[in-house]
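**Q** One structure coming up, written as structure tokens, with questions to follow.
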Amino acid sequence: MIRFLTHRTLQGIVLILIVSMIGFTVINLAPGGPLSQYAMTPGMSQQDLDRIAHQMGLDRPIPVQYLDWLVNMVSGDWGKSYRDQSPVLDVVWRHMWATLLLMGTSTAIAVALGTLIGVLGALKRYSVFDYMATVGAMIALSIPTFWFGLVAIFFFSLELGWLPAGNMYTVGDQSFSDYAIHLIMPSIVLALVNVAIWSRYMRASTLDVMDQDYVRTARAKGLPRWRIVSAHIVRNALIPMITLAGLQLPTIIGGALVTETVFTWPGLGRLFIDSLGYNDYPVIMGLLMFSAILTVIGNFLADIGVALADPRIRLG
Amino acid sequence: MTAIPDPATRTRFAIFRGPRVRKFMRHRLAMIGLLTIIFLTLACFFGPYLLPYDELYIDLRARFSPPLTGSHILGTDPLGRDIAARLFSAGQISLTVGFTAMVLSTLIGTVIGVVAGYFGGWSRIGLMRIVDAFLSFPSIFLMLTLAAFLKPSPTMITLIIAVTSWMEVARIVEAEVRGQSSRDFTAAARMVGAPHWWIMGREILPNVIGPIIVAATLTVARAILLEAYISFLGYGIQPPLPSWGNMLNNAQQYLDSAPWLAIVPGVAITLAVTSFNFIGDGLRDALDARSVQ
Amino acid sequence: MTDPVLSVRDLRIRFRSGGRETQVVHGVDFDIRGGETLALVGESGSGKSVTSFALMRLLPEAPRCTIEGSVSMGGVNLLELSERRMAQVRGPRIAMIFQEPLTSLNPVHRVGDQIAEAIRFHRKMSKADIRARVIELLTLVGIPDPARRMHAYPGEMSGGMRQRVVIAMALALEPDLLIADEPTTALDVTVQAQILELLRQIQRATNMAMLFITHDFGVVAEIAERVMVMYAGRIVEQGSLADVLSNPRMPYTRGLLASVPRFEDAGLKTGPLGTIEGFVPSPDNLPAGCSFHPRCPHARPGICDGALPELAAHGAGAHLVRCARSDEPAFGAEPAEVS
């Protein structure tokens, strides 16, 4: 177990390194380069630009810049935002909570609904419900998240007036219920795709478990049906889902980005879009790294979760 | 006794044989998807000839006309441009971008997958680590970063989508090839001294073409979605050139007064993407070696 | 004689798959009495496991599988019970142990909990009492240090130990009938002997009836009082252990016996260690007449390929044989030409 986790940690570090190289190369090879922001300032001469480039160390070869950046990043210095000179790590930290709240709520909804639909579909295989769930999942996977958000806003905010059209809270209110009511629509919109994915995998996993000998043993013991389903089918079928949850993290983060844009949610996704608009390279790079680190941590937690849930892996 | 055909020739063209075609035709959703795509494509490429306006014609007196007013079947946008005309012309771009990006990313993914699966060892580990790395951050982040710094022409957007969506294909192909490489006819080809490229191209590739076709179909769906995402966020296809994604770009601010601006292109995207997903599902059922006896 | 614990009459089982229906069991009748062990013997594909699963109603549900006939226990036809009522029968009335000890326990639950679960849903007992009972059961099936081992996961136990846990689970509610579906097939020979000895002891102590499914006559000789031989979904020979093993009248039974090494020198004139030519026929393509005749060394055209022979009494006792030629005097003496 310890060896396994050490191995996975090393893998994660290698992964983050490769991601950082890809990200760094992309940003620095872009035609504008990090200086494009200054180049647009009126009255900037080429000499001024060269001077700034030299000050920022941008005239050095890219591998050297990369190593420099890497050393700083590891020591906790992720650079300063071009926009307001505040440290990138602080900026990311400030926006992180809104995103984690949205992603957490949404994932909880997706897991609950997806599990339910998947298990019911498997138990009633080839039924009308199962067929509808299959087709529904394929359609849900095809609807652009942002458009689903727009349609939801149109109906539930503009037409019906039940829910706020955006933002995380009402200025001056900020009570728990105020947060909750702002959270409903974006978290459901973000959950849609994941309900579809989760229910498909859960269905397959449940069907797999239903054929196992130990389910037959449980029936032979004369257990009531609900107990067989909960303790012997769903309990075991959920184990591979933990790994899936880890692997789905990038999709959820990507979905959060557009959802935040549509619902003006003050999280990392909005921060990313805004930073793109300002050519705020340090923040963009920081967010790329942050999402990669989050994914690696997520997969690592998923590995631990699987080990906790499955004695075969824990003791093996 | 019937003669047992040589395994290579037996499997090479098997996927195009009758039972598989029939199985695909029986897949009701896939047929619906196929017909929808044919209809959409015809509409987008020939529809403009049937409309009185072109997609760039600005009629400021007819701004924000709701659908079915006068000669504007689907209404007009904030500049008074005909939405139907824009939708068709946008469809040409979105479908072309989606299809071309699929071809490119399938090529990239297939080459990387075949090389990694065929040679194994370090080349496999190295290439698959890169696949993992690409998969471990949201592709939309990478895409937006690229799109924001590069000149976002349709060609560039296609390239950007292609370089960020080849990983699935690479994974599938790698796994299939790894299984194929150990099979007898590959070993036989190797024994007679056939060059690597010949074995990969002539012996292995034809046998993994089924999963590639399935993955490619699903990649079209994905590429159309991705184009919509980046164009919606303003980093994709740039106006005045319309795409299904950028038609939605400003729709949110007019959601209250002109909801059709958001509804119409969204329905088109969902229709196209759903259709490709349905077709992919049908192809998977039809081409899956395990499902046809 | 006491009333039978379980009475099976005209049991017929059909499976449906892809619009095609296949009958795999064609009218099986038998009784089991308390304290008795009845062995059900046959090759794989003979329908013996399907029969045993049907008694427990563990086969797939209605459209995919139809069970007809009657399985009576205490005057109730189990085939007519609702699933909920049937669940109350499984455990306290009939329990079952399976062929694959490695996969019949849920890997994510502790073995003690899995035994406790079998008790908890049938008896109102306190947690402490259930715990005590679990330890008692584990002791009974010969698991050392039960108070500690009850916390183990199946993955931490050997196949033999896991099979003991499955047996403990089946015995938890002292069932009237225990169905053992090849419980020793997957185990080492030494472990096999231990498990058989354990089952025999328990049966002696509790007067439980046992239906023992196997393909191995060696096991039959060790454990059974009565034997039923099944072929292609029908019973082809039935009788006491002595009847069937020492005086087999059905050529199929002889073939099976001849393929068991240790019966060679048990007075049977079988020549070298034999196998039965050919394969069990596919259930949707049974030969006309006696299902065994294409493989039978004694088959005679006009006799064996015409009408299906009845399961008829041979001699005075309860020895039943389904063979058109079993009463021909020359037939018994003639050495079985199995190669």
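The values are calculated or read from the model by the stated rules, or taken from the named source; none is laboratory data. All figures in this text were calculated on a predicted structure; none of them were measured in a lab. Cβ sites come from the backbone with ideal geometry, for glycine too, and all protein chains shown count toward neighbours. Surface areas here come from the heavy atoms of the whole protein model, side chains and all, with no ligands, DNA or RNA. Shrake-Rupley method; radii C 1.70, N 1.55, O 1.52, S 1.80 Å.
**Q** What's the angle, to the nearest 10 degrees (0 to 90), between helix A:268-277's Cα axis and the longest principal axis of chain A?
**A** For helix A:268-277, the angle is close to 30 degrees.
**Q** Per the 1.4 Å probe, what fraction of the accessible area of the protein assembly as shown, in percent, lies on carbon and sulfur atoms? Let's see the in-between values first.
**A** Details: 26420 of 42590 Å².
Looking at the protein assembly as shown in its full context, I get 62 percent from C and S.
**Q** Just report the Cα centroid separation between the stretch B:137-179 and the stretch B:80-126, whole Å.
**A** 7
**Q** From largest accessible area down, sort A:Lys221, B:Lys151; use a 1.4 Å probe on the protein chains.
**A** Numbers: A:Lys221 15, B:Lys151 155 Å².
The residues order as B:Lys151, A:Lys221, largest area first.
**Q** Would you tell me the accessible area of C:Glu43, worked out with a 1.4 angstrom probe on the heavy atoms of the protein chains, in Å² to the nearest 10?
**A** Looks like 50 Å² after rounding.
**Q** How large is the helix-only mean residue ellipticity at 222 nm for the protein assembly as shown, computed as the sum of -39500 (n - 2.57) over DSSP H runs with n ≥ 4, divided by its residue count, in deg cm²/dmol to the nearest 500?
**A** -17500 deg cm²/dmol
**Q** Using only protein heavy atoms and a 1.4 Å probe, how much accessible area in total is buried between A and C, to the nearest 100 Å²?
**A** Numbers: alone 17710 and 15700 Å², together 31200 Å².
Approximately 2200 Å², summed over both chains.
**Q** I would also like to ask the following. Explain nothing, just the number: relative contact order of the stretch A:95-277, from Cα pairs under 8 Å at least 6 residues apart, as a whole percent. Walk me through the numbers before you get to the answer.
**A** On the way: 209 pairs, mean separation 66.1, N = 183.
That works out to 36 percent.
**Q** Compactness ratio of chain C: Cα Rg over 2.2 N^0.38 Å, N = residue count? Display every interim value, and only then the final one.
**A** Numbers: Rg = 20.9 Å, N = 339, 2.2 N^0.38 = 20.1 Å.
Dividing the Cα Rg of chain C by 2.2 N^0.38 Å gives 1.04.
**Q** Enter the mean projected area of the convex hull around the alpha-carbon atoms of the protein assembly as shown, in nm², rounded to one decimal.
**A** Values: hull surface 206.0 nm².
So the Cα hull casts an average projection of 51.5 nm².
**Q** If you rank C:Glu174, C:Glu21 by how much accessible surface each has, with a 1.4 Å probe, what is the order from largest down? Each step should come with its number before you reach the end.
**A** Working: C:Glu174 130, C:Glu21 80 Å².
The residues order as C:Glu174, C:Glu21, largest area first.
**Q** Considering every residue in A:226-235, what mean count of other chain Cβ atoms within 10 Å of its Cβ is obtained?
**A** Values: counts 0, 4, 1, 0, 0, 6, 5, 1, 0, 3.
The mean count of partner-chain Cβ atoms within 10 Å per residue comes to 2.
**Q** Hey, another quick one. Give me the accessible area of C:Cys323, 1.4 Å probe, in Å² rounded to the nearest 10.
**A** Solvent-accessible area, nearest 10 Å²: 20 Å².
**Q** Moving to a separate point now. For the interface of chains A and B, what total accessible area is buried with a 1.4 Å probe, rounded to the nearest 100 Å²? Spell out each step's value before the answer.
**A** Details: alone 17710 and 15350 Å², together 29100 Å².
About 4000 Å² of accessible surface is lost on pairing.
**Q** Compute the accessible area of each residue in the stretch A:103-150 twice, once for its chain alone and once with every protein chain present, using a 1.4 Å probe on heavy atoms, and list those whose area falls by at least 10 Å².
**A** Those residues are A:Tyr131, A:Val135, A:Met138, A:Ile139, A:Leu141, A:Ser142, A:Ile143, A:Pro144, A:Thr145, A:Phe146, A:Trp147, A:Leu150.
**Q** Right, here's the next one. Helix A:46-55 sits at what angle to the longest principal axis of chain A, using alpha carbons and giving 0 to 90 degrees rounded to 10?
**A** Relative to chain A, helix A:46-55 is tipped by roughly 60 degrees.
**Q** Is the shape of the stretch C:115-214 best called rounded, prolate or oblate, per the rule: a/c under 1.5 gives rounded, else a/b larger than b/c gives prolate, else oblate, with a ≥ b ≥ c the square roots of the Cα gyration tensor eigenvalues?
**A** Numbers: a/c = 1.94, a/b = 1.24, b/c = 1.56.
The shape class here is oblate.
**Q** Now a separate question. Where in chain B are the DSSP H helices whose alpha-carbon span along the long axis reaches 18 Å or more and whose Kyte-Doolittle mean is at least 0.5? Let's see the in-between values first.
**A** Values: long enough: B:28-46 (27 Å, 2.24); B:83-119 (52 Å, 1.54); B:121-135 (21 Å, 0.82); B:167-181 (20 Å, -0.11); B:205-232 (39 Å, 1.55); B:260-287 (40 Å, 1.19).
Helix filter hits for chain B: B:28-46, B:83-119, B:121-135, B:205-232, B:260-287.
**Q** Could you compute the net charge surrounding B:Asp59? Neighbours are other residues with a C-beta less than 11 Å from the C-beta of B:Asp59; K and R count +1, D and E count -1. Please report the intermediate quantities before stating the final value.
**A** Values: positive: B:Arg61, B:Arg63, B:Arg81; negative: B:Asp77, B:Asp82.
After counting each charged neighbour, the total is +1.
**Q** Now a separate question. Going Cα to Cα from C:Lys48, which lysines come in below 22 Å? Please leave out same-chain ones fewer than 8 positions away.
**A** Correct list for C:Lys48: A:Lys221.
**Q** So which chymotrypsin sites (Phe, Trp or Tyr not before Pro) in the stretch A:127-212 end up in coil per DSSP with only 11 or fewer other C-beta atoms within 10 Å? Please list the in-between numbers first.
**A** Values: sites: A:Phe129, A:Tyr131, A:Phe146, A:Trp147, A:Phe148, A:Phe154, A:Phe155, A:Phe156, A:Trp162, A:Tyr169, A:Phe176, A:Tyr179, A:Trp198, A:Tyr201; in loops: A:Trp162, A:Tyr169.
Qualifying residues, ordered by number: A:Trp162.
**Q** In whole Å, how far is the Cα centre of the stretch A:61-139 from that of the stretch B:210-281?
**A** Taking the Cα centre of each part, the stretch A:61-139 and the stretch B:210-281 sit 22 Å apart.
**Q** Now for a different question. Roughly how tilted is helix C:111-120, in degrees to the nearest 10 and between 0 and 90, from the longest Cα axis of chain C?
**A** Between helix and principal axis, roughly 90 degrees.
**Q** Give me the dipole magnitude in Debye, nearest 20, for chain A about the Cα centre, with unit charges on the beta carbon: positive for Lys and Arg, negative for Asp and Glu.
**A** I would put it at about 1600 debye.
**Q** Ordering A:Leu113, A:Leu102, A:Leu247 by how much accessible area each has at a 1.4 Å probe, largest first, what is the list? Before the final figure, lay out the partial values.
**A** Numbers: A:Leu113 80, A:Leu102 0, A:Leu247 100 Å².
Result of the area sort, largest leading: A:Leu247, A:Leu113, A:Leu102.
**Q** Now for a separate question. Give the accessible area for B:Leu205 in Å² (nearest 10); use a 1.4 Å probe, count only protein heavy atoms, and leave out ligands, DNA and RNA.
**A** 50
**Q** Once you keep just the Cα pairs under 8 angstrom separated by 6 or more residues, what percentage relative contact order results for chain B?
**A** Working: 427 pairs, mean separation 75.3, N = 293.
Contact order relative to length: 26 percent.
**Q** Residue by residue, what Karplus-based ³J(HN,Hα) values in Hz, rounded to whole numbers, does the stretch C:43-60 have, using 6.51, -1.76 and 1.60 with θ = phi - 60° and x for Gly and Pro?
**A** 6, 5, x, 7, x, 6, 5, 4, 4, 5, 5, 5, 4, 8, 6, 9, 7, x
**Q** At a threshold of 8 angstrom on Cα-Cα distance, excluding pairs fewer than six apart, so keeping six or more, what relative contact order does chain C reach in percent? Write down the numbers at each step before the final one.
**A** Numbers: 624 pairs, mean separation 65.5, N = 339.
Relative contact order of chain C: 19 percent.
**Q** Next question, about the same structure. Treating only the Cβ atoms of Lys and Arg (+1) and Asp and Glu (-1) as charged, compute the dipole magnitude of the protein assembly as shown about its Cα centre; round to the nearest 20 debye.
**A** Working: 79 positive and 75 negative charges, 105 e Å.
Charge dipole, the protein assembly as shown, about its Cα centre: 500 debye, nearest 20.
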